[in-house]
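Quick notes on the structure that follows.
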């Protein structure tokens, strides 16, 4: 007869820690949140409006993307609650409505830019990180 298998204490929920299944909605929401950053055009748009409200035509000029493409990404960001918009006659203005989102975006961009400037391989860093966690 085999001895009972040892239970990994990390798999047991504690009274202060929600059960892992309870965290699924949180993880899904966080993945959608970070998914908004997974498109370079959206990053350019956020860079354009992170400090001030901008008219769509100015955002198009800043990003170098087409008006159609910028409008599509702005609509997605608006639906996600990251940006707000207001209309003034024929012009539409956008600004970041979630300062935390802008801060997360800025922090990640600064970290990545620093690694590129230092010529550190990003791929190797990410693989090392994944292996440790």
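The values are calculated or read from the model by the stated rules, or taken from the named source; none is laboratory data. Remember, it's a predicted structure, so these values are computed and weren't measured experimentally. Positions of Cβ are generated from backbone atoms using ideal geometry, with glycine treated the same way; all protein chains shown enter the neighbour counts.
Residues in region 42-71 that are surrounded by fewer than 16 Cβ atoms within 10 Å (Cβ to Cβ) and under 21 Å from residue 109 (Cβ atoms): 51, 52, 53, 61, 62, 64, 69.
Yes or no: region 57-80 includes at least one residue that is outside any helix (DSSP H, G or I) and at pLDDT below 95. Yes, some residue in region 57-80 is outside any helix (DSSP H, G or I) and at pLDDT below 95. Contact map, region 105-130: first residue more than 18 Å from residue 45 (Cβ to Cβ), second residue surrounded by 11 or more Cβ atoms within 10 Å (Cβ to Cβ) and at pLDDT 80 or above, Cβ cut-off under 9 Å, separation 6 or more or different chains; pairs are 122/112. Which one of these does residue 93 not meet: (1) touching a residue at least 24 places away in the same chain (Cβ under 8 Å); (2) assigned to a helix (DSSP H, G or I); (3) crowded, with 16+ Cβ neighbours inside 10 Å? So residue 93 meets the others, but not (2).
Confirm whether residue 85 is in contact with a helix residue (DSSP H, G or I) (Cβ under 9 Å, 6 or more places away or on another chain), surrounded by 12 or more Cβ atoms within 10 Å (Cβ to Cβ) and without any contact (Cβ under 8 Å) to a residue 12 or more places away in the chain. Yes; evaluated as a whole, the condition is true for this residue.
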